[in-house]
């Protein structure tokens, strides 16, 4: 490791573990629209092969990919009613792992739909992250693939200096950090200093005061914004891939008049904000010895979410 900055060295922090590739928590693996009734999809999370499907009644399920009978891959199966039917011997498996007229059970993974995103949990036993409240309407974007680790994307969200240099915002007060072992949050208040089109629109909408709360739930980031007259939100799921990271995101705004137009505007503003980062961090090799107390606290939180070895 290269020599750490003087201020970081003065903290006398013991050697830390690497950031976990697959922390405990929920993963946004698909959009709800990409999993229609009767669909069967295969995916891999943390070396676990999983089959994702949706029953005829619209219920999503996630099972270990191999049938507990003789190990046939369930991706070759088909949905029959409320079950996934194995192609080899027609065993019918429910979303809870129960098998019709058989005593063995398949391993079922917790799966939920949140704001139009399909989420699977890896071993924490917690409720999935949500954003906004019941008064929000939601929209989404197509998945994005970027050649950088999700750690770098998450760290970028909590990097306050880049808020000024990349996003042309000025902090109105020092940011506030909080965490409870399951989530890590940062709240800040800023104003717009940029002159681009999205900057001018945001400045007009916000009255030059943007109250933001960022919350890290492992590989899922929740962004909640208070503009005074309205609130917006975003939930960004990050799934590691061989090439880097796949992003699945949803954007929300409080329901009211012209909801469709306001959702489109919210999606555009969040998208413009996100694109500024993606154009810079692609190919980044994240360093964790940075002299930044907020990022060090974030990194330690992520390390605490390391999954136990099986």
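Would you mind stating whether residue 82 is within 20 Å of residue 27 (Cβ to Cβ), outside the structural domain of residue 230 (by TED's automatic domain parsing) and surrounded by fewer than 18 Cβ atoms within 10 Å (Cβ to Cβ)? Here the answer is no, as residue 82 does not meet what is asked. Say we look at region 35-63 and pick out the residues that are under 17 Å from the mean Cα position of the chain (by Cα) and surrounded by fewer than 17 Cβ atoms within 10 Å (Cβ to Cβ); which of these is nearest to residue 151 (Cα to Cα)? The qualifying residue nearest to residue 151 (Cα to Cα) is 46.
When you check residue 232 against the structure, is it outside any strand (DSSP E or B) and crowded, with 17+ Cβ neighbours inside 10 Å, yes or no? No, not satisfied. Among the residues making up region 56-95, those that are in a loop (DSSP other than H, G, I, E, B), in contact with a strand residue (DSSP E or B) (Cβ under 6 Å, 6 or more places away or on another chain) and closer than 18 Å to residue 43 by Cα are 65, 77, 95. So is residue 243 surrounded by fewer than 19 Cβ atoms within 10 Å (Cβ to Cβ) and part of a helix (DSSP H, G or I) or not? Answer is no for this residue. Restricting region 200-218 to residues that are at pLDDT below 90 and not in a helix (DSSP H, G or I), the residue that is nearest to residue 240 (Cα to Cα) is 208. Screening residue 262 against (1) within 20 Å of the chain's Cα centre (by Cα); (2) assigned to a helix (DSSP H, G or I) leaves a single unmet condition, (1).
Restricting 197, 221, 227 to those that are modelled with pLDDT of 95 or more and touching a helix residue (DSSP H, G or I) at 6+ places or on another chain (Cβ under 9 Å) reduces the list to 221.
The values are calculated or read from the model by the stated rules, or taken from the named source; none is laboratory data. Only a predicted model underlies this, so the values are computations on that prediction, with no experimental measurement involved. Using ideal geometry, Cβ is built from the backbone for each residue, glycine included, and neighbour counts are taken over all protein chains shown.
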